Structures are given as structure tokens and as C-alpha cells.
Amino acid sequence: MTVSVTEATRGVFVTGTDTGVGKTIVSVALLHRLRAAGLRTVGMKPVASGCERTPDGWRNDDALRLQAASDPRPAYQDVNPYALERPTAPQLAARAMGIQVDLSHLKAAHARLAAQADAVIVEGVGGWAAPLEDGLDQVDLVRRFGLPVVLVVGLRLGCLNHARLTARAIQSDGVRLTGWIGNSVDPAFAERDEYVELLRAALPAPCLGVLPYAESPDTATMASWLSMPSGFS
């Protein structure tokens, strides 16, 4: 199968309705999905808080998972240009390390990734409105990278409100919401299927898949539950 990607759609930015909704699971699954379609695809976590010191420097588990699922395998410093120690809001984590997140530095890392791959899957932090730095929002990054957005919805009580508000904010910020993915984060959520149908009707973008609940998800298998985002087929 041959898949063509235009310059304007060389990837997607993955955001979520909140922290802990499975952005990394979805991002890694998307990497596997696009690679299975014949695309050289790499992952990026521009800013990551909650890192551990290793002999190679500060490392973040989510960023390492993105790197491991990438083909070709990029340098860690490009996958995660800002690795911050404290597991807290990036603003506070960067401040604690005396670091200022620079948009030009992130753009340069993204350009190096894009030069070696057909598509770059960029994972954001927290929810859409979570800042990367004082005066620097995630929408600034999305605009600079020129990417459409995929929204991860954690399927649980309250998700309808969170998803609608997030989709509204994304559109209000003037960037394109290309699709949403439901992630079953609550195994006891009995009305999951009913909520998925409500979300299909309420959100202004297509559903690209609904991931089942798994305590230890196999992201390569999860990829089979996903459709290709617009612009990749």
C-alpha cells in the first residue's frame, strides 16, 4: 500500500481532554498505524516533565516510548528537547531547573525530525490549554509546526463536557481539529458506547477510533483500532 502525504500534513499534534487520558498510548499507536501503512514515522514530545537522570542525561518514559516506536529511530534530544525533572506543570518544572522553553529551539528539533521521516506525531502536555512556558501556549507550537490536531478523549463520566469544551477551544484558536480518538480509561464505565455515540454527534471532527481498556496496553495491537487521519491516504 502506497500512502502519500502532502507537505502541509506531515504529521499531527496529539492533545487531550485532560492529563492522564492516554495521549502517549494514542501517539504510539498512531506511530504504529502510519508505519504499517508504509510511512517513515517518528514521534516527538517537545516538553516533558517528570524525568529521571540517567547516564545519558534526563529521560522521560513517554518520550522514550515514542522514540522506541519511531522508524527511523531519531536522537532523543530531538524527540524530547526539553526534559524537565519535576512531575508537575511544565511552567513550574522549567522554572525549578532555571530553563526557559524556546519556541525556535523546538521548531529546529521538529525540522530535523521532519527531514528524516514522512510524518511526525507530536504529543502535547496535559490538556489543550496547559501552557508550555510563561507566555507560551501549545497552540503557538501547533501554529509554528503547521499541524492539524487529534484530540484524545478519556472515556469516563464527564468526558462529554471536557471534549466539547476542548474542541471548541481548538477551533477558537484557529487550528484544525482533524479527528478525535476515544480511550477507555475507566473499565467500570458501563455507558461507554452510549457516550461514544454522543461524542460522534457532538464533536466537529470524525472519530478515528475507540481504544479498549487494557491494564498493560499493547500499542502495536491498539493501532489496528485506529483509522488514518485525514491527509494520510
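The values are calculated or read from the model by the stated rules, or taken from the named source; none is laboratory data. Remember, it's a predicted structure, so these values are computed and weren't measured experimentally. In this analysis, Cβ positions are derived from the backbone assuming ideal geometry, glycine residues included, and neighbour counts consider all displayed protein chains.
On the given criteria, is A205 in contact with a His (Cβ under 6 Å, 6 or more places away or on another chain) and either outside any helix (DSSP H, G or I) or buried (at least 16 other Cβ atoms within 10 Å of the Cβ) (or both)?
So A205 fails the test.
Of everything in region 87-100, what is under 20 Å from the mean Cα position of the chain (by Cα) and surrounded by fewer than 21 Cβ atoms within 10 Å (Cβ to Cβ)? Give them in sequence order.
The answer is P87, T88, A89, Q91.
For region 189-202, which positions are more than 11 Å from C159 (Cβ to Cβ), of a type in the set (A, V, I, L, M, F, W, C) and outside any loop (DSSP other than H, G, I, E, B)?
Across region 189-202, the qualifying residue is only A201.
Scan region 52-61 and give yes if some residue there is more than 19 Å from V150 (Cβ to Cβ), in contact (Cβ under 8 Å) with a residue 12 or more places away in the chain and crowded, with 23+ Cβ neighbours inside 10 Å, otherwise no.
yes
Among the residues of region 170-217 satisfying the criterion of being among the small types (G, A, S) and out of contact with any helix residue (DSSP H, G or I) (no Cβ under 9 Å at 6 or more places or on another chain), which is nearest to V150 (Cα to Cα)?
Taking the candidates together, the pick is G179.
Here are the criteria: (1) within 25 Å of V79 (Cα to Cα); (2) modelled with pLDDT of 95 or more. Tell me which single one D173 does not satisfy.
Condition (1) is where D173 drops out.
Among the residues of region 176-202, how many are crowded, with 19+ Cβ neighbours inside 10 Å and within 17 Å of the chain's Cα centre (by Cα)?
Selection size over region 176-202: 8.
Does G98 count as free of Cβ contacts under 8 Å to residues at least 12 places away in the same chain and assigned to a loop (DSSP other than H, G, I, E, B)?
yes
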